[in-house]
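Q: The structure follows.
The values are calculated or read from the model by the stated rules, or taken from the named source; none is laboratory data. The shown structure was predicted, so the numbers you read here are calculated from the model rather than taken from an experiment. Cβ atoms come from the backbone with ideal geometry, glycine included; neighbour counts cover every protein chain shown. For the accessible areas, the whole protein counts, side chains as well, though only heavy atoms, and no ligand, DNA or RNA atoms are used. Shrake-Rupley method; radii C 1.70, N 1.55, O 1.52, S 1.80 Å.
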Amino acid sequence: MDINYRFIITFLIIVMNYVEARSQSISIQGSGEAIQGEEYTLECITRGDTFVNWYQDSHHIAWSSNHNGGCRFYNQYYRNFYEFKNCGVKHKLTIKSIDYNRDNGKVWNCEIYYNDDYHSSNSITLSVTLSLKGSGVAIQDKEYTLECKTSLKQIHWYKDNIYFGESNIQNGLNCIFNQESDRNFYEFKNCGAEHKLTIKSIDYYRDNGKVWRCYYNQYTYSDLTIHVIISLKGSGVAIQDKEYTLECKTSLKQIHWYKDNIYFGESNIQNGLNCIFNQESDRNFYEFKNCGVKHKLTIKSIDYYRDNGKMWRCQYFNIQNFNSNRTLFVRDYWCIEFSKEAIPTTYINKRICIFPFLVPVSSVQIKSTNLQFGTILVEESQLTTIQCVTSFAYPEPSVDLHVCYDGLNSRCNSYTATKSSENHTLITFQFTLNSTLEFDDTEIYCCAGNYLTNISCSNSLKMYILHHPRVRVEVEEGRLLCIAVGRPKNMTFLPMKHTVDNILVREIEGYYINTTVYSLNITNSQNNGGNYTCTVNNGIPDPYTKQYYQMAYYNLELKIHPNLYNVERNNNSLVGQNGSFSLKYLEDQTVNVSWYNNDTDLQTSSRITIREEPAEISHPYNNTIKLSGIKTILTITSINITDQGNYTCQVCNQYGCSRKTFEVDVVSMTKQIGTVIIFFVVFKRRRTKLNGQSEGKREGVQGSHHTNSVVESSVHPNLYNVERNNNSLVGQNGSFSLKYLEDQTVNVSWYNNDTDLQTSSRITIREEPAEISHPYNNTIKLSGIKTILTITSINITDQGNYTCQVCNQYGCSRKTFEVDVVSMTKQIGTDAGIINVKTVVIGASVGATIILICIVVIIFFVVFKRRRTKPNVEMEIIKNDLYISSDPLQVFPFFISPIKGRKVALS
């Protein structure tokens with residue numbers, strides 16, 4: 001039997017490749033569901049020791065290793081929100097705290113490089129859900145609060161899938177109810193700051209079993225069901241032979257009563273139903289008062305042996321978990337328990353109770369260890385003792401401490417105080433309070449009484465909790481707001497810190513809006529992007545960290561057109577040589593780059609090359625910070641005279657375009673040689689003066705070798721340097737002008753970012769006569785025109801590139817310059833820098849002047865020495881050398897005829 005060996009070998013190779021590929025498989029694991037404010041972990045599963053790249057929405061943000069390769073983030077900014085747990089062991093990327101605006105909808109995947117190719121995992125799209133916080137258990141007649149934990153600004157609320165209302169945490173927006181009648185029972189607390197819905201007083205029938213939902217969209221919401229429990233009210237202390245009442249606070253219609261866990265009876269608040277006792281004999285000692293209206297059980301006459309220490313419980317008739325209990329203690333007046341030694345045998349274990357005279361409560365005072373000028377001031381989380389001092393009373397009074405919010409007539413909570421001391425005139429009760437923010441800005445007072453008198457209350461005291469600032473940063477149009485909430489309210493704000501990749505860029509002074517709000521104006525520039533830190537102190541430390549200064553952070557991402565940096569050129573604009581021009585822009589913001597020559601789009605050709613390369617860009621506010629950028633380079637091979645003109649580089653992203661325009665003047669070889677000749681003529685003329693030649697003799701010698709000619713060029717206008725008043729401060733007037741020769745202009749236009757400017761209420765364009773100095777001889781004044789653009793009351797929208805275009809019959813010339821509008825804050829911040837620059841410039845000018853004087857002195861002594869040693873020297877005029885019969889700075893003819901060599905005596 002023949003065996004096809006070739007087929008078997010091929011099959012084995014395929015199987016081995018498949019196994020190898022499977023051995024290098026990669027996948028990303030995670031639930032895909034994340035909760036606002038909580039931690040979330042993604043894990044990339046690979047085989048063997050690998051190096052993994054992590055991508056978020058196709059952007060490479062980090063790489064990790066499961067051996068000793070280390071883990072790194074592409075940008076240090078990401079460390080604020082992400083971390084690699086178990087780096088060097090597993091590929092685990094953890095999001096420290098989920099933020100809906102930052103993380104929802106982000107697509108994550110990981111990638112490895114193997115066998116000369118990249119292998120990507122599956123992807124996981126992260127869905128962030130909200131989190132509705134609350135215990136889920138509420139007490140009848142008590143307040144209950146639900147909080148929706150999210151960073152979203154606007155949230156809708158639903159009750160049993162029916163739209164209930166809307167809460168907002170944006171300034172200027174209200175929280176609304178779908179039904180205005182709901183305001184009687186519910187409120188949005190801290191509207192504008194938190195998503196909190198408060199039920200003012202729990203009602204079993206209205207609130208029990210209700211499903212609440214905070215909702216953003218059909219995929220993003222959170223539910224919570226409320227269960228209402230009941231509350232058994234009573235002082236817990238009864239007096240011998242006196243009546244005592246227990247009340248079960250609930251909206252339930254039917255309640256069962258238990259005494260020491262034994263079924264006692266049943267009360268009803270439904271018409272037509274009776275209240276019943278389990279044992280009919282109990283009717284002799286107990287009764288259900290207000291049966292059919294309230295759940296009240298009354299002990300007709302307290303008996304120490306029957307009632308003391310008994311635990312009473314009211315319970316929903318068929319749900320054991322819904323109950324409330326209270327233990328009853330019976331207090332005698334003056335009772336004596338006789339022992340064997342004290343009384344005869346017949347009185348052993350008997351109690352004799354004497355009924356003395358009764359003393360009502362006549363006065364109540366409130367005191368505190370932290371009382372200052374009639375106000376209780378205590379730092380957060382510290383314990384403070386409140387004392388309620390009553391006059392002597394018998395029976396002993398019960399004392400409650402009342403804490404009221406938003407005034408004495410508003411909602412109040414009661415706390416039972418315990419007796420600490422007693423004498424024949426006063427009884428002192430005290431309550432130890434943990435000073436949380438719940439008690440800030442409240443009024444407290446004491447009330448006391450026994451059954452002989454009405455309740456007596458003390459005066460009230462104001463209570464403030466001193467606490468460190470809670471800080472947040474918000475952004476408004478054109479500024480950052482640092483908002484601090486704390487007590488005392490006189491906040492001290494430090495200058496805001498601007499950082500990039502955790503490196504300090506600068507510290508910026510802002511201004512106070514009030515004692516708790518600090519503002520910093522921000523212009524819409526890429527240079528202002530990064531992290532901003534607000535630091536504030538009010539003299540109260542954080543009780544946990546013990547730090548006085550509290551900080552809040554804000555990452556400012558400016559969505560604007562690219563920022564272009566200065567044009568660089570190789571200064572090689574000589575005919576026949578190669579010219580190179582480049583500029584830089586930030587790497588991650590570009591979409592498209594274009595080059596233009598006199599508004600003509602340039603494309604790569606045999607003479608023109610356009611390319612890009614990575615580049616570092618120094619941050620304009622801190623040169624030590626290097627930003628990742630791209631350099632775009634335009635190279636022109638073998639420059640000729642047609643290549644001169646205005647060149648523009650345009651860089652666009654999704655938010656807009658930025659342009660940089662510069663002028664290229666191509667220099668011919670003739671013009672270059674002419675410049676050199678001018679230098680030598682001036683130098684020789686100076687030497688002639690040193691040898692005593694008079695001006696008339698030199699003119700006689702040179703006059704026969706000079707021919708005057710006039711050349712008129714038919715070209716587009718020549719524009720001279722832009723002049724500005726350097727007044728680009730917000731609110732002031734700016735003026736910009738340039739000059740051109742009078743007889744060449746046909747039309748003048750001004751543009752701002754390629755928008756044609758016309759005269760208006762803020763913009764004025766005018767002209768006036770001007771003198772223009774000839775570039776080769778400043779003593780010659782040419783007749784010209786100055787065109788002037790004036791902008792009244794400059795604002796931030798006026799910044800950008802300005803272009804002046806002057807056209808005649810032969811063509812157009814353009815001059816482009818940049819105007820940076822400066823706010824008052826930035827102006828003040830840069831004054832110190834301006835002074836330093838002026839100092840450097842003055843120093844450089846003085847140094848240059850001294851060097852120039854030294855050079856002149858050296859040249860003078862060298863020439864003077866040569867004159868003394870060689871008084872009769874003959875100079876040979878070299879072929880094509882040039883002498884001028886008049887001032888050598890006059891205008892040259894465009895073409896110079898060769899001059900044959902001859903000797904001229906200088907002595």
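Q: Name the single residue that is surrounded by the most Cβ atoms within 10 Å (Cβ to Cβ) among those in segment 352-390 being modelled with pLDDT of 85 or more and touching a Cys at 6+ places or on another chain (Cβ under 6 Å).
A: This residue is Cys388.
Q: Ok, one more. Take the residues in segment 485-499 that are touching a residue at least 40 places away in the same chain (Cβ under 8 Å) and surrounded by fewer than 19 Cβ atoms within 10 Å (Cβ to Cβ); name whichever of them is nearest to Ile465 (Cα to Cα).
A: Residues of segment 485-499 that are touching a residue at least 40 places away in the same chain (Cβ under 8 Å), as a first pass: 486-494, 498.
Those still in the list that are surrounded by fewer than 19 Cβ atoms within 10 Å (Cβ to Cβ) too: 488-490, 492, 494.
Details: Pro488: 9, Lys489: 12, Asn490: 15, Thr492: 19, Leu494: 24 Å.
Within segment 485-499, the match that is nearest to Ile465 (Cα to Cα) is Pro488.
Q: Residues in segment 199-211: is at least one assigned to a strand (DSSP E or B), touching a helix residue (DSSP H, G or I) at 6+ places or on another chain (Cβ under 7 Å) and farther than 15 Å from Ser131 by Cβ?
A: yes
Q: With respect to the numbered conditions (1) outside the structural domain of Tyr621 (by the TED database); (2) under 30 Å from Thr648 (Cβ atoms), which one is the sole condition not fulfilled by Asn570?
A: (1)
Q: Does Leu433 qualify as being surrounded by 19 or more Cβ atoms within 10 Å (Cβ to Cβ), closer than 30 Å to Tyr544 by Cβ and touching a residue at least 40 places away in the same chain (Cβ under 8 Å)? Quick ask: steps written out before the conclusion?
A: Working: surrounded by 19 or more Cβ atoms within 10 Å (Cβ to Cβ): yes; closer than 30 Å to Tyr544 by Cβ: yes; touching a residue at least 40 places away in the same chain (Cβ under 8 Å): yes.
Judged against the criteria, Leu433 is a match.
Q: Taking only segment 279-299 into account, find how many residues are closer than 22 Å to Ser231 by Cα and either touching a helix residue (DSSP H, G or I) at 6+ places or on another chain (Cβ under 8 Å) or assigned to a loop (DSSP other than H, G, I, E, B) (or both). Step through it out loud before you land on a result.
A: Quick first cut of segment 279-299, residues closer than 22 Å to Ser231 by Cα only: 286-299.
Then drop every residue that is not either touching a helix residue (DSSP H, G or I) at 6+ places or on another chain (Cβ under 8 Å) or assigned to a loop (DSSP other than H, G, I, E, B) (or both), which leaves 290-295, 299.
Qualifying residue count for the region: 7.
Q: Related question: Would segment 237-245 turn up any residue that is in the same structural domain as Ile299 (by the TED database), assigned to a strand (DSSP E or B) and open to solvent by 30 Å² or more (accessible area, probe 1.4 Å)? If you could, list the steps in order and put the result at the bottom.
A: Looking only at segment 237-245, we keep the residues that are in the same structural domain as Ile299 (by the TED database), and these are 237-245.
Filter again for assigned to a strand (DSSP E or B), leaving 237-239, 244-245.
With open to solvent by 30 Å² or more (accessible area, probe 1.4 Å) added as a condition, the list becomes 237, 245.
Scanning segment 237-245, I find at least one residue that is in the same structural domain as Ile299 (by the TED database), assigned to a strand (DSSP E or B) and open to solvent by 30 Å² or more (accessible area, probe 1.4 Å), so the answer is yes.
Q: Of all residues in segment 792-813, which are in a loop (DSSP other than H, G, I, E, B) and either small (Gly, Ala, Ser) or in contact with a helix residue (DSSP H, G or I) (Cβ under 7 Å, 6 or more places away or on another chain) (or both)? Even if it seems obvious, please write down each step before you answer.
A: Taking segment 792-813 as the starting set, the residues that turn out to be in a loop (DSSP other than H, G, I, E, B) are 792-795, 799, 809-810.
Of everything in segment 792-813, just one residue is in a loop (DSSP other than H, G, I, E, B) and either small (Gly, Ala, Ser) or in contact with a helix residue (DSSP H, G or I) (Cβ under 7 Å, 6 or more places away or on another chain) (or both), namely Ser793.
Q: For segment 423-457, enumerate the residues that are assigned to a loop (DSSP other than H, G, I, E, B) and either among the acidic types (Asp, Glu) or not assigned by the TED database to the domain that holds Thr369 (or both).
A: Restricting attention to segment 423-457, the residues satisfying the condition of being assigned to a loop (DSSP other than H, G, I, E, B) are 423-425, 435-436, 440-441, 450-455.
Across segment 423-457, the qualifying residues are Asp440, Asp441.
Q: I need the full set of residues from segment 468-484 which are open to solvent by 80 Å² or more (accessible area, probe 1.4 Å) and at pLDDT 90 or above, in order please.
A: Here is the first cut: in segment 468-484, the ones open to solvent by 80 Å² or more (accessible area, probe 1.4 Å) are 470, 472, 477.
Answer for segment 468-484, where residues must be open to solvent by 80 Å² or more (accessible area, probe 1.4 Å) and at pLDDT 90 or above: Arg470, Arg472.
Q: Which residue, of Ser120, Ser127, Ser131, Ser97, is farther than 28 Å from Leu152 by Cα and either in contact with a Pro (Cβ under 7 Å, 6 or more places away or on another chain) or hydroxyl-bearing (Ser, Thr, Tyr) (or both)? Spell out how you get there, then give the answer.
A: Values: Ser127 fails: farther than 28 Å from Leu152 by Cα; Ser131 fails: farther than 28 Å from Leu152 by Cα; Ser97 fails: farther than 28 Å from Leu152 by Cα.
Residue meeting the stated conditions: Ser120.
Residue by residue, here is whether (1) buried (at least 20 other Cβ atoms within 10 Å of the Cβ); (2) modelled with pLDDT of 85 or more holds:
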{"residue": "Gln36", "(1), (2)": "yes, no"}
{"residue": "Leu42", "(1), (2)": "yes, yes"}
{"residue": "Ile61", "(1), (2)": "no, yes"}
{"residue": "Leu93", "(1), (2)": "yes, yes"}
{"residue": "His119", "(1), (2)": "no, no"}
{"residue": "Leu126", "(1), (2)": "yes, yes"}
{"residue": "Asp141", "(1), (2)": "no, no"}
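Q: Continuing with this model, one more query. Answer yes if at least one residue in segment 502-523 is open to solvent by less than 20 Å² (accessible area, probe 1.4 Å) and within 30 Å of Ile444 (Cα to Cα), and no otherwise.
A: No, there is no match, as no residue in segment 502-523 is open to solvent by less than 20 Å² (accessible area, probe 1.4 Å) and within 30 Å of Ile444 (Cα to Cα).
Q: Mind checking which pairs have a first residue in segment 276-304 that is of a type in the set (Ser, Thr, Tyr) and a second that is open to solvent by 50 Å² or more (accessible area, probe 1.4 Å), Cβ under 6 Å, 6 or more apart or different chains?
A: Close Cβ pairs (under 6 Å, with a partner that is open to solvent by 50 Å² or more (accessible area, probe 1.4 Å)) amount to Thr298/Thr245; Thr298/Glu287; Thr298/Lys289; Ser301/Asp241.
Q: Please work out which residue is most open to solvent (accessible area, probe 1.4 Å), limiting yourself to segment 403-422 and to residues that are without any contact (Cβ under 8 Å) to a residue 60 or more places away in the chain and part of a loop (DSSP other than H, G, I, E, B).
A: Top of the filtered list is Asn409.
Q: May I ask you to list the residues in segment 210-228 that are open to solvent by 40 Å² or more (accessible area, probe 1.4 Å) and touching a Phe, Trp or Tyr at 6+ places or on another chain (Cβ under 9 Å)?
A: Pass one, segment 210-228, residues open to solvent by 40 Å² or more (accessible area, probe 1.4 Å): 210-211, 213, 215-219, 221, 223, 225, 227.
Within segment 210-228, Val211, Arg213, Tyr215, Tyr216, Tyr221, Asp223, Thr225, His227 meet the criteria.
Q: Every residue in segment 601-612 that is part of a strand (DSSP E or B) and surrounded by 11 or more Cβ atoms within 10 Å (Cβ to Cβ), please.
A: Ile608, Thr609, Ile610, Arg611, Glu612
Rundown of residues vs (1) under 47 Å from the mean Cα position of the chain (by Cα); (2) closer than 26 Å to Thr416 by Cα, yes/no style:
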position	(1), (2)
Val228	yes, yes
Lys233	no, yes
Ala238	no, yes
Cys248	no, yes
Tyr263	no, no
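Q: Taking Lys300, is it open to solvent by 50 Å² or more (accessible area, probe 1.4 Å) and touching a Leu at 6+ places or on another chain (Cβ under 6 Å)?
A: Here the answer is no, as Lys300 does not meet what is asked.
Q: State the number of residues belonging to segment 39-64 that are within 13 Å of Thr94 (Cα to Cα) and not in a strand (DSSP E or B).
A: Here the count works out to 1.
Q: Out of the strands (runs of 3 or more DSSP E) lying entirely within segment 65-145, which hold 2 or more residues that are of a type in the set (A, V, I, L, M, F, W, C), assigned by the TED database to the domain that holds Ser31 and more than 30 Å from Asp207 (Cβ to Cβ)?
A: On the way: elements: 82-85, 91-95, 107-114, 117-120, 127-129, 131-133, 137-139.
Where strands (runs of 3 or more DSSP E) fall fully within segment 65-145 and carry at least 2 residues being of a type in the set (A, V, I, L, M, F, W, C), assigned by the TED database to the domain that holds Ser31 and more than 30 Å from Asp207 (Cβ to Cβ), they are 91-95, 107-114.
Q: Same structure, new question: Within segment 627-649, can you find the residues that are in contact with a strand residue (DSSP E or B) (Cβ under 7 Å, 6 or more places away or on another chain) and part of a loop (DSSP other than H, G, I, E, B)? Give the derivation first.
A: From segment 627-649, those in contact with a strand residue (DSSP E or B) (Cβ under 7 Å, 6 or more places away or on another chain) are 627, 629-636, 639, 643-649; that's our starting set.
Passing the criteria: Ile639, Gln644.
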